[in-house]
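Worksheet: the structure to be examined is printed underneath.
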Amino acid sequence: MCGIIGYVGDRKAKPILINGLLRLEYRGYDSAGIATMENSGIKCVKNKGRVAELENCEEINILEGTIGIGHTRWATHGKPSIENSHPHLDNKRTTAVVHNGIIENYVELRNFLTNNGYEFFSQTDTEVIPNLINYFYNKNEGKSKIDFLRAIKSTVEKLKGSFAIEILNNDFKDEMFVVRKDSPMVIGKGVNENYISSDIPAILSFTKDFYFLNDLEFAVLSKDNVEFYDINLERFDKQVKNIDWDMSSSEKGDYDDFMLKEIFEQPKSIRETIGARVSKNNMIQIDELEITKEYLQSVDRIYIVACGTAMNAGMTAKKILEHFCKIQTEIDIASEFRYRDPLITEKTLCIYISQSGETADTIAALKLAKEKGAKTIAISNVIGSSLVREADFALYTHAGPEIAVASTKAYTSQIVLLAILALYFAEILGCESEEIEKLKEEILSLPSKIEEIFDNTEQIRKFAKIISNEKDVFFIGRGIDYTVALEGSLKLKEISYIHSEAYSAGELKHGPIALIENGITIVGIMTDSNLVQKTISNLQEVVTRGAKTFIVTNQNLGNFNFDEVVKIPEISSYISPILSVVPLQLLAYYISKEKGLDVDKPRNLAKSVTVE
Ligand code: M6R
């Protein structure tokens, strides 16, 4: 949720921290702050609002240090304010901390510290951390680096919850300390400089070499070294990983917004996701998986678990898996799955989908399945993410960095990869091959078919203008089209703040039709020839009651009185969401633009939800 950044090297830290925070701002944008190590000790500057407002603070000009930490906040405990912004310092102002995550037992820890003479100046959970470190460090006899690490370790052992923490202390003017648990953090390795970030794109312009810290591993960064320590404070070595993402993929380029860029990148991101996995007349290749026919025959249930857009992609995948592999597949919201005591045995296969790979609920749901002996597959867009590291197998979507909070290219890449996975299983199981071959060809045709849809952009933009002042918009579809209705509705509410709901078209008459009144907008999605007439009937019922209609279809609908029909290319209904979602993404985008909203950073949201 929050973004954290750190720098140690020969250059002034301030501009590098600000640059990183601007790139991390999509993770949270309520307030921001940085602390640098100066000759006189730690100096800290923070402000409410966006990073630009931090940059405008006069005090920021005093920061000259070459080592520093920074934070952009998505408020959990305490409203956005200067006091609640990070970095937080201990009472003696010798230790500065930035933190991403939530400390669940902070009230208890606050009481403990208050009873030991400490005072608190913010409403945050984070403020206990620098004070606890200070408490334990003062209790130590020694004042060496290992003594300070012991104090951090004692602190971390007291914390319940999730955290990625960066620490500066006046006794160690050339070093920065970090530790994480269930919250993302990467270390970037440079030449005579090193970096910390909560994700890769923020520091991709400085380095492509990364270390990935596991839970409860500590690192000490100096300008020319990164030392790793395990939970017993024993030193160990870590392999550096080279990330070959193209820097331009995390830049806006000629586009006004990341979201628009990412929508238009979909032909490329889908091509990259398909990669060498699918080719005509060859078996599907998924080298990352070691799955046998015997194992698949033993699987009695697949669970797909995810949140938000990733969950919507999972809903589509359920239909593909059940149809092609004939294995019962259930879809679960991660935050429900983890607490509902799901039936998991060694015969259960669990597939977790997460663009960021850092969604707290999805990670927890994966850990649960592992504990119960199920095999787990993670589908993520981020190399080395926490989800990927926890899973038995990891499959990457290769969509490139997705920066806009509203997910677009990750969603279509997730469905592509899940369709490929379903065909891979079907081939292993020896299922009917003609249909499999046909779907492979259709998958390969996706990039060019998406290009065709972009020809309708102007038509969609005009309709967006007409409905931009609506209060409610409903999305309907049947079968696989219902899964897209859910995604279209989520996109719209996220970035336009228009109230919107998605219904299975057949459910309208069971209640929601009471909401239909003159002028209301209904978005209908119809790509399944077996169901199109049914949905048309439902649409007739709302048209009769005065609704405006925006239709996305690949069918010839005949002579019906719909207000706007966006025609998309024909494709198997199993993967049609990859095409039918594109007009819905554009509709949401242009409505948000029409309303003058910040498309990439919608209110109250953050790109990755690393807290429960
Ligand atoms: O990183 P994840 O895929 O795990 O994120 C899951 C959801 O938080 C995410 O898809 C969210 O719904 C998006 N903002 C939707 O556009």
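The values are calculated or read from the model by the stated rules, or taken from the named source; none is laboratory data. Note that this is a predicted model, so its numbers are computed, not measured. Positions of Cβ are backbone-derived with ideal geometry, glycine not excepted, and every protein chain shown enters the neighbour counts. In case anyone asks, the SASA skips ligands and DNA or RNA and just uses the protein heavy atoms, side chains included. Shrake-Rupley method; radii C 1.70, N 1.55, O 1.52, S 1.80 Å.
Laid out as a table, the results:
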item	result
Residue selected from the range 406-432 under the condition open to solvent by 10 Å² or more (accessible area, probe 1.4 Å) and either in contact with a Lys or Arg (Cβ under 6 Å, 6 or more places away or on another chain) or more than 11 Å from the ligand (Cβ to nearest atom) (or both), by the criterion nearest to I304 (Cα to Cα)	Y424
Positions within the range 310-323 being open to solvent by 10 Å² or more (accessible area, probe 1.4 Å) and more than 16 Å from the ligand (Cβ to nearest atom), in sequence order	K318, K319, E322, H323
The range 247-271: number of residues that are open to solvent by 80 Å² or more (accessible area, probe 1.4 Å), under 19 Å from Y396 (Cα atoms) and either outside the structural domain of T376 (by TED's automatic domain parsing) or at pLDDT below 95 (or both)	0
Residues of the range 67-92 classified as among the hydroxyl-bearing types (S, T, Y), closer than 30 Å to D224 by Cα and surrounded by fewer than 20 Cβ atoms within 10 Å (Cβ to Cβ), total	0
Yes/no for K223 being basic (K, R), touching a residue at least 12 places away in the same chain (Cβ under 8 Å) and surrounded by fewer than 16 Cβ atoms within 10 Å (Cβ to Cβ)	no
Unmet criterion (only one of (1) at pLDDT below 95; (2) touching a Phe, Trp or Tyr at 6+ places or on another chain (Cβ under 6 Å)) for A151	(1)
Of residues in the range 24-44 being in contact with a helix residue (DSSP H, G or I) (Cβ under 7 Å, 6 or more places away or on another chain) and surrounded by fewer than 24 Cβ atoms within 10 Å (Cβ to Cβ), the one nearest to I82 (Cα to Cα)	K43
Considering residues of the range 597-612 that are charged (D, E, K, R) and away from the ligand (no atom under 12 Å from the Cβ) only, the residue modelled with the highest pLDDT	D598
Scan of the range 338-360 for residues that are at pLDDT below 95, open to solvent by 10 Å² or more (accessible area, probe 1.4 Å) and within 16 Å of the ligand (Cβ to nearest atom), ordered by number	R338, S356, E358, T359, A360
Subset of the range 555-582 that is of a type outside the set (A, V, I, L, M) and closer than 15 Å to Y482 by Cα - its residue that is surrounded by the most Cβ atoms within 10 Å (Cβ to Cβ)	P577
Where C2 falls short, out of the listed (1) buried (at least 24 other Cβ atoms within 10 Å of the Cβ); (2) in contact with a Pro (Cβ under 9 Å, 6 or more places away or on another chain)	(2)
Failed condition for N282, given (1) open to solvent by 10 Å² or more (accessible area, probe 1.4 Å); (2) more than 16 Å from the ligand (Cβ to nearest atom); (3) touching a residue at least 12 places away in the same chain (Cβ under 8 Å)	(3)
L490 open to solvent by 10 Å² or more (accessible area, probe 1.4 Å) and at pLDDT 95 or above	yes
Given (1) of a type in the set (A, V, I, L, M); (2) outside any helix (DSSP H, G or I); (3) closer than 21 Å to C2 by Cα, index of the condition L54 fails	(2)
